[in-house]
Amino acid sequence: MPNAIQDAESLLENALIHFEDQPVGTVATCDPRVAAANYHDCFVRDFVPSALVFLLDGRTEIVRNFLHMVMRLKDQHEQLAGQHLAPGVLPASFKVTQETDGSEAVSADFGDRAIGRVAPVDSMMWWILLVRAYSRATGDRTLVELPECQRQIRQILNVCLQGRFEVFPTLLVPDGCFMIDRRMGVNGHPLEIQALFYAMLEASLELLVPDEGNQWLIELTRSRYAVLREYVQQFYWLDLARLNEIHRYSTEMFGHEIENPLNIYPESIPDWVVDWLPEGAGYLLGNLGPGRFDPRFFTQGNLLATMFGLASEPQSQQILHTFEQRWDDLIGRMPLKICYPALKDKEWRLVTGSDPKNTPWSYHNGGNWPVLLWPFVAACLQHGRRDLAERAYGVAEERLPRDGWPEYYDGRYGRLIGRRSNYDQVWSATALLLSRMMLDDPASLTRLGFGSLPQ
Ligand code: GLC
């Protein structure tokens, strides 16, 4: 068996992107045979585990360069007639190109080139979380105190906190604007975005300089942070008791103080969830909106909510208990399943638009993604479940280097390498590296501002 850690480290080295001789990021994959050209870009979300590994390794200048670079790129997006992106929105990815005169240029993709033209919402959230991680790890406040950086944080908060058409504290977003970046019925109020939004609000409170000009924004951020947590803990939570309540809900009720304010019809509860939900366990819904109850289990959203403290402590324990009780479904032969269960037949046609990459139990539609190992290990360590973290790590360590670091796996239990998966996918390797670092030193992630350890 190749040495998994050494193999992952050399993949990360090969993935570095330079601009004017400085390292500024990592490509999404080192596989030369990829179909989509942008897989050789540096994606903001894919760089997150690379960045955390670099910070823990003391290679902090790479992360600083990256944070600067992304901030500088925000003015690059094309202005389309009659439309413009809100100031503060950051790109999904960027790449360094050679000009004809031999100089280097950087070009960013705000979703205007991406397949399906999806604009990312998570990039700006991950960027703020990395600014905090960098500041915590280095103790260097000079970056965050730069006027440019303070302005960027304010702009991001403005985009997310401005009043639009909403009556919920959650954030309304289009389909595919985060890790799941194709049509998967994840528009509306997907859990993953709510967890990132929550953590971003918390990080901003730490990063904004508390001067007079920022005071109103700090107040607004603080109150949204509190109501968001309360709302998610109450309305997104699903356990057997709650399922029973929803099963017997009254509907068509008007006014305040009613049991079913979103007018969820009990008839919309899918059959699978009734049998699947384990006793004594629970998890957060994938999505929730007017008349909409999506109980698909979205792993990244549940793990981030657990890691960031959006779920309460008892809820976090129960979420981890769900992983334990449904190990084959959620972890199987490769940690971890991106969402459970898969959409099939008519539902697949209607919800994905007949996407052949998202067939049942493949890619975003129930595939297994090695990158999800690191938030799983972090969440387990924070909530006293080292046993689960080690078990999942063991599965990944044994298989990933042997299989050539695939991007994702197919099948009910993740037994097959994904049909259209890249090899040498960088975040599959950095997830393993980061998980090893956390298992060896559980306090490491806390030092970067990612959650806290049990008291
Ligand atoms: C795919 C994934 C997305 C990732 C990108 C680069 O589009 O869905 O989450 O950022 O590949 O790896």
Length added when fully stretched, LEU205-ARG151, from 0.36 nm per residue minus Cα-Cα
18.0 nm
Between ASP275 and GLN234, 0.36 nm times their residue separation minus their Cα-Cα distance comes to what?
12.5 nm
At 1.4 Å probe size, with every protein chain present, just tell me what the per residue accessible area of region 77-195 comes to in Å².
42
When every alpha-carbon pair in region 321-381 is counted, what percent end up more than 15 Å apart?
51
Just to be sure I follow: if Rg is taken over the C-alpha atoms of the chain and Rh is the Kirkwood radius over the same atoms, what is Rg/Rh?
0.94
For the chain, what does the relative contact order come out to in percent, with C-alpha contacts under 8 Å and a separation of six or more?
16
Give me the percent relative contact order of region 240-311, please, defined on Cα pairs under 8 angstrom at least 6 residues apart.
25
Going Cα to Cα from LYS74, which lysines come in below 18 Å? Please leave out same-chain ones fewer than 8 positions away.
LYS95
Label points 7 Å out from Cα along the Cβ direction at ARG72 and ARG386: separation in nm?
4.4
Take GLU61, project a point 7 Å from its Cα along the Cβ direction, then tell me which residues of region 16-45 have their backbone nitrogen under 14 Å from it.
18-25
Consider all pairwise Cα distances in region 30-108 and report the whole-number % of them above 21 Å.
41
Solvent-accessible area of ARG222, probe 1.4 Å, all protein chains present, reported in Å² to the nearest ten, please.
120
Over region 331-455, with neighbouring protein chains present, the accessible area per residue in Å² at probe 1.4 Å is 36
Spin-label pair SER223/ARG117, simplified geometry with 7 Å Cα→Cβ offset, distance in nm:
3.8
Accessible surface ranking that places the most exposed of HIS84, HIS383, HIS18, HIS321 first, with a 1.4 angstrom probe:
HIS84, HIS18, HIS321, HIS383
Report the relative contact order of region 362-455, percent, no decimals, based on alpha-carbon pairs under 8 angstrom and at least 6 residues apart.
36
Chain lengthening between ARG402 and GLN83 when straightened (0.36 nm per residue, less Cα-Cα)
110.1 nm
Round to the nearest 10 and report in Å² the accessible area of SER268, as given by a 1.4 Å probe over the protein chains' heavy atoms.
50
Under 19 Å from a point placed 7 Å out from the Cα of ASP441 along the Cα-to-Cβ direction: which residues of region 16-60 have their backbone N that close?
49-60
So the carbon and sulfur contribution to the accessible area of the chain, 1.4 Å probe, in percent, is 50
Checking the cross-link filter: which lysines have an alpha carbon closer than 19 Å to that of LYS337, excluding same-chain neighbours under 8 positions apart?
LYS357
For region 113-211, state the semi-axes of the equivalent ellipsoid (square roots of 5 times the eigenvalues of the alpha-carbon gyration tensor), sorted largest first and rounded to whole angstrom.
26, 15, 12
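The values are calculated or read from the model by the stated rules, or taken from the named source; none is laboratory data. Predicted, not measured: the structure shown is a model, and the values here were computed from it. Using ideal geometry, Cβ is built from the backbone for each residue, glycine included, and neighbour counts are taken over all protein chains shown. The area values use the complete protein model at the heavy-atom level, side chains included, leaving out ligands, DNA and RNA. Shrake-Rupley method; radii C 1.70, N 1.55, O 1.52, S 1.80 Å.
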